[in-house]
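To start, the structure under review is shown below, and the notes come after it.
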Amino acid sequence: MKFTPENITHLEPNQIFVYGANSGGRHGAGAAKLALRWGAKMGEYGLNGQTYGIPTKDKKIQTLPLDKIQVHVNDFLATAFSHPEYEFLVSKIGCGLAGYQPKDIAPLFKTVKTTGVFENVILPEEFYKYI
């Protein structure tokens, strides 16, 4: 089984860096700031360049409740499903500045493990302890 590397410093041409974003698209810190290196666009989230931003905070930079994050994770999974040519490296979204723990976020990705249709979605090793 493959896992997202702890520290991503390089992407292959077919890889997409998946990070926790805010719905205002202000990528000023954490993994969102790193995503600017690979094509994240200020003012936007979702698929841009070799990045995909999943909102874990709102436009006012307040942490979103898990049910709202689940909606954004589902949107991401729909994108991943429709782009099998890409490998999506999911970082520990929501586990830094948003303040959640992997045990909170990992279950939002349970369909990756249970359905077997998301072979192109790579999760952090720690997430598998909770899904």
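The values are calculated or read from the model by the stated rules, or taken from the named source; none is laboratory data. Predicted model only: the values in this text are computed from it and were never measured. As a convention, Cβ positions derive from the backbone with ideal geometry for all residues, glycine included, and neighbour counts pool all protein chains shown. These area figures cover heavy atoms from the full protein model, side chains too; ligands, DNA and RNA do not enter into them. Shrake-Rupley method; radii C 1.70, N 1.55, O 1.52, S 1.80 Å.
A few points about this structure:
- Ordering of 53-64, 108-119 by packing is 53-64, 108-119, highest average first (other Cβ atoms within 10 Å, averaged per residue).
- Share antiparallel - DSSP beta bridges, the range 1-84, percent rounded to 5: 40 percent
- With the biggest extent put first, the Cα atoms of the range 56-131 measure 34, 26, 18 Å across the principal axes.
- Measuring r between the beta carbons of residue 103 and residue 68 and using R0 = 22 Å, the FRET efficiency lands at 0.75.
- Three principal axis extents of the range 89-131 based on alpha-carbon atoms, in descending order, are 30, 18, 14 Å.
- Take every pair of alpha-carbon atoms less than 8 Å apart whose residues are at least six positions apart; their mean separation over the length of the range 1-127 yields a relative contact order of 29 percent.
- Segment residue 44-residue 75, length gained on full extension (0.36 nm per residue, minus Cα span): 9.7 nm
- Cβ-defined net charge surrounding residue 13, 15 Å radius [Lys, Arg +1; Asp, Glu -1]: -2
- Fraction of accessible area attributable to carbon and sulfur, the chain (%, probe 1.4 Å): 52 percent
- Set of the range 42-60 residues, backbone N closer than 19 Å to the point 7 Å along the Cα-Cβ line of residue 115: 46-47, 52-55
- Label of the coordinate-derived value, Cα Rg over 2.2 N^0.38 Å, listed as [x] 0.94; [y] 1.19; [z] 1.06: [x]
- Per residue, the solvent-accessible area of the range 1-53 (1.4 Å probe, heavy atoms of protein chains only, all protein chains present) comes to 53 Å².
- Residues of type lysines that residue 113 reaches as a straight line, Cα spacing below 19 Å, ignoring anything fewer than 8 places off in the same chain: 2, 92, 103, 129
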